[in-house]
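The values are calculated or read from the model by the stated rules, or taken from the named source; none is laboratory data. Being a predicted model, the structure only gives us computed values, none of them experimental. Ideal geometry is used to build each Cβ from the backbone, glycine not excepted, and the neighbour counts take in all protein chains shown. Ligands, DNA and RNA are excluded from the accessible area calculation, which covers all protein heavy atoms including side chains. Shrake-Rupley method; radii C 1.70, N 1.55, O 1.52, S 1.80 Å.
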Amino acid sequence: MPVSTKDLAALFGTALNAISQNRDSLNKLDGFNGNHGDNMAQNLQLIVKTLQAQGSKTPADALQRASSALQTRGTGGSSKVYATGLQQAAQEVRGRDKLDNEDVIGLLQTLMASIPVEGAGAAGAQAPGNVLDTLLRSSAGQASAGDKLDATDLVSAGLAFLQAKQSGADDMTAIKQAAMGALGGGNPMQLGSSRAAAGGLIAQSVIQALLKRR
């Protein structure tokens, strides 16, 4: 089912709901300022409002506007990296009037890859890489035992892999799409880092909303 700019606003709206419901827990995970949940709730609200206001624009133009809004009016350091991710995603879908589900998964991948993981927990330990790396490791069962996939997740991942391969994707792209698809289950709050947890909530909520559209 095609995804319009209006649909993108609705998908990010589900992410806003997920972040808002876990705002206090995200704040507790933030070992630096203790306000990552508050900041992300405000930033996602800004993204949703901007996308809603661009309903007649192409997804690329709307994402670019959302990026600019975060650059100028975003809250906290994460607003800048999310702005960068949205700008990159806008470039990747330039020239498209509407997107498909795979485009949205790609948007999530680009967005999560733009966010460095900092402060792995309240103890202040550092975590390497970006949020996408963390989500992929978790989906592969390489994180803590609480983050491993169950049988349903593995089936979903296998189907996503096959669908990606049938679409002509190479093995690495198919694996990444499968891993992102598997994020529809599990608990992102167990990822430790406030940025990884917030990114996981965003990816999970958007993926679940996409599945409901099929």
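Averaging over all projection directions, the Cα-based convex hull of the stretch 11-81 occupies 4.5 nm² in the image plane.
Site pair ARG94 and ARG137 shows an inter-label distance of 3.4 nm when each label is modelled 7 Å from Cα along Cα→Cβ.
The alpha carbon convex hull volume per residue for the stretch 5-45 rounds to 51 Å³.
Note that the stretch 57-103 carries a Kirkwood radius of 10.8 Å, evaluated over its alpha carbons pair by pair. Based on alpha-carbon centroids, what's the gap between the stretch 192-214 and the stretch 1-55 in Å, whole number please? Value for the Cα centre distance between the two parts: 10 Å. A full extension of the chain between GLN71 and ASN35 corresponds to an added length of 11.1 nm, given 0.36 nm per residue minus the alpha carbon distance. Our estimate of slack between ASN17 and LYS49, defined as 0.36 nm per intervening residue step minus the Cα-Cα distance, is 10.2 nm. Solvent-accessible area of THR50, all protein chains in place: 20 Å² (probe radius 1.4 Å, heavy atoms, ligands and nucleic acids excluded). Applied to the stretch 17-28, the Karplus parametrisation 6.51 cos²θ - 1.76 cosθ + 1.60 on θ = phi - 60° returns per-residue 3J(HN,Hα) values of 4, 5, 5, 4, 5, 10, 4, 5, 5, 5, 4, 5 Hz, with x for Gly and Pro.
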